[in-house]
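One structure is given here, and the rest of the page talks about it.
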Amino acid sequence: PDEDLAAYFAEVVDAEQKIEPRDWMPDAYRRTLIRQIAQHAHSEIIGMQPEGNWISRAPSLKRKAILLAKVQDEAGHGLYLYAAAETLGISRDELVQLLLDGRQKYSSIFNYPTVSWADVGAIGWLVDGAAIVNQVPLCRCSYGPYARAMIRVCKEESFHQRQGYEILHTLAHGTPEQHAMAQDAVDRWWYPSLAMFGPPDGNSTHSAQSMAWKIKRFSNDDLRQRFVDMCVQQAEILGVRIPDAELRWNDERQAYDYTQPDYDELMRVISGDGPCNRERMAHRRAAHADGQWVREAAAAYAAKRAGQKET
Ligand code: FAQ
């Protein structure tokens, strides 16, 4: 009976064990996971665009090869995450369609432009850094396929974060002009990176339930704080300034006080009105349409192979 299944689900979650695709789960748990994993997958795919913008203009062959590998990793993460979402009973085609129809979201951060090479460094340091802080706890998520996907994704994100950090370090220790480029990039990416963690806890509609289900392990504000505390020391070593005059150590809280990002701006960007939303979606739609012949050819080939096996 249903009560037994629900009790078993609760027991598994409470015991820190994993829910697997064939286990019974509440419909709302399934829906929340599909929403979050799909949004995560779409973010990886759309997230290829801001940095992809600099592949052809990277300052050396070595930088170009590294950036190319990073952007390819993001495609891999997207596919990996779509596969994790598919274990919940929705197809990748459907998920892609939901993104293209604007019915599923992707991360706000990828709606900001990359105007200089230093932005590639700032994305690696701050955006990948925020992604790691957010995603390491997801390795302990109660849903097995998502938790396992996160282990590999986090390992690769750590490499991404280091490459960005190294780009910024090189620029910040270069000529005055290069230092200014690094600082300008940090000035523009700091607050959008803080906003990646989502609305403040009081306005986070899903947090309480997702934490009870052990999908999320920490609240949006707790992770944001952890990120700020981590960045302060790194900024010192980098030789860049975090653009926040209110940033200071609070002995009582054993954490840094800091200025919150503009959450009205976050809501505008999420609802489609950021600096690059239209461009990002137009590019994604065009790329999807351009890939139509590949999907058709792959399907025809698979059908032919299936026919050959039967005879
Ligand atoms: N952008 O109730 P909550 C990467 C939405 S990293 C857009 O707090 P939740 C790596 C939220 O969906 C980026 N929407 O929601 C990379 C909800 O809307 P809904 C991707 C946002 O789910 C680096 C509403 O606001 N990472 O890709 C954002 O409990 C460099 C209420 O919010 C992930 O997706 C936002 N920033 O917590 C790639 C990580 N924040 O659905 C390339 C997994 C909130 O009710 C280059 N996701 N919303 O209409 C999560 O951890 C969570 O989903 C949160 C949001 C923390 C993002």
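Summary of values
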| read-out | value |
| --- | --- |
| Mean projected area (nm²) of the alpha-carbon convex hull when the range 246-311 is viewed from all directions | 9.8 |
| Compactness of the range 170-311 - radius of gyration and Dmax, Cα, Å | 22.9, 75 |
| Gaussian network model of the chain, springs between alpha carbon atoms under 10 Å - residue of HIS160, HIS206, HIS179 with greatest fluctuation | HIS206 |
| Angstrom value of the Kirkwood radius, inverse mean 1/r, which spans all Cα pairs in the range 197-249 | 12.8 |
| Around SER207: net Lys/Arg minus Asp/Glu count, Cβ-Cβ under 12 Å | -1 |
| Inverse of mean 1/r across different Cα pairs in the range 114-185, Kirkwood, Å | 12.9 |
| Whole-number D in µm²/s for the range 105-144 (Stokes-Einstein; Kirkwood sum over Cα pairs; 10 °C, 1.306 mPa s) | 135 |
| Rounded to whole Hz, the Karplus (6.51, -1.76, 1.60) HN-Hα couplings of the range 67-81, x for glycine and proline | 5, 4, 5, 5, 5, 5, 4, 5, 4, x, 4, x, 5, 4, 6 |
| Amide H partners (placed H, <5 Å) of ALA255, local residues excluded | ASN250 |
| Intensity falloff of the range 159-222 expressed as log10 I(q)/I(0), Debye formula with alpha-carbon point scatterers, at q = 0.14, 0.19, 0.23, 0.26 Å⁻¹ | -0.60, -0.77, -0.91, -1.03 |
| HN-Hα J in Hz across the range 151-162 - Karplus 6.51, -1.76, 1.60, θ = phi - 60°, x for Gly and Pro | 5, 5, 4, 5, 4, 6, 4, 5, 5, 4, 5, 5 |
| Excluding exposed DSSP-loop trypsin sites (Lys or Arg not before Pro) (at most 14 other C-beta within 10 Å), longest clean stretch of the chain | 104-240 |
| Largest to smallest principal axis extent of the C-alpha atoms in the chain, angstrom | 69, 50, 32 |
| Residue-span extension gain [ASP290 to ARG92] - 0.36 nm each, minus C-alpha spacing | 69.5 nm |
| Two-site FRET efficiency, GLU252 against ASP23, from Cβ-Cβ distance with R₀ of 35 Å, rounded to 0.05 | 0.20 |
| Span per principal axis, largest first, for the Cα atoms of the range 30-188 (Å) | 54, 32, 27 |
| Residue among ALA297, ALA131, ALA122 with the largest mean-square fluctuation in a Gaussian network model of the chain, springs linking Cα atoms under 10 Å | ALA297 |
| Label-to-label distance, nm, for residues given as LYS105 and ALA7 (7 Å Cα→Cβ offset) | 3.8 |
| Extension gain from ARG162 to TYR301, taking 0.36 nm per residue of separation minus the Cα-Cα distance | 46.0 nm |
| Karplus 3J(HN,Hα) series, Hz, for the range 102-114 with 6.51 cos²θ - 1.76 cosθ + 1.60 (x for Gly, Pro) | x, 9, 10, 8, 9, 4, 3, 4, 7, 9, 10, x, 9 |
| Quotient of Cα Rg and 2.2 N^0.38 Å for the range 48-126, N being how many residues it contains | 1.29 |
| Cα-projected label distance for LYS62 with HIS206, points at 7 Å along beta-carbon direction, nm | 4.1 |
| Along each principal axis, Cα extent of the range 83-133, largest first, Å | 40, 24, 14 |
| Within the chain, longest stretch free of exposed GluC sites (Glu not before Pro) [DSSP loop, at most 11 other beta carbons within 10 Å] | 17-245 |
| Distance histogram in 10 Å bins (all Cα pairs of the range 105-247, percent per bin) | 12, 39, 33, 14, 2, 0 |
| Gaussian network model of the chain, springs between alpha carbon atoms under 10 Å - residue of ASN203, ASN53, ASN220 with greatest fluctuation | ASN203 |
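No value in this document is a laboratory result; all are computed from the given coordinates. Quick caveat, the model's predicted, so the values are computed rather than measured. Reconstructed Cβ throughout: ideal geometry from the backbone, glycine too, with neighbour counts over all protein chains shown.
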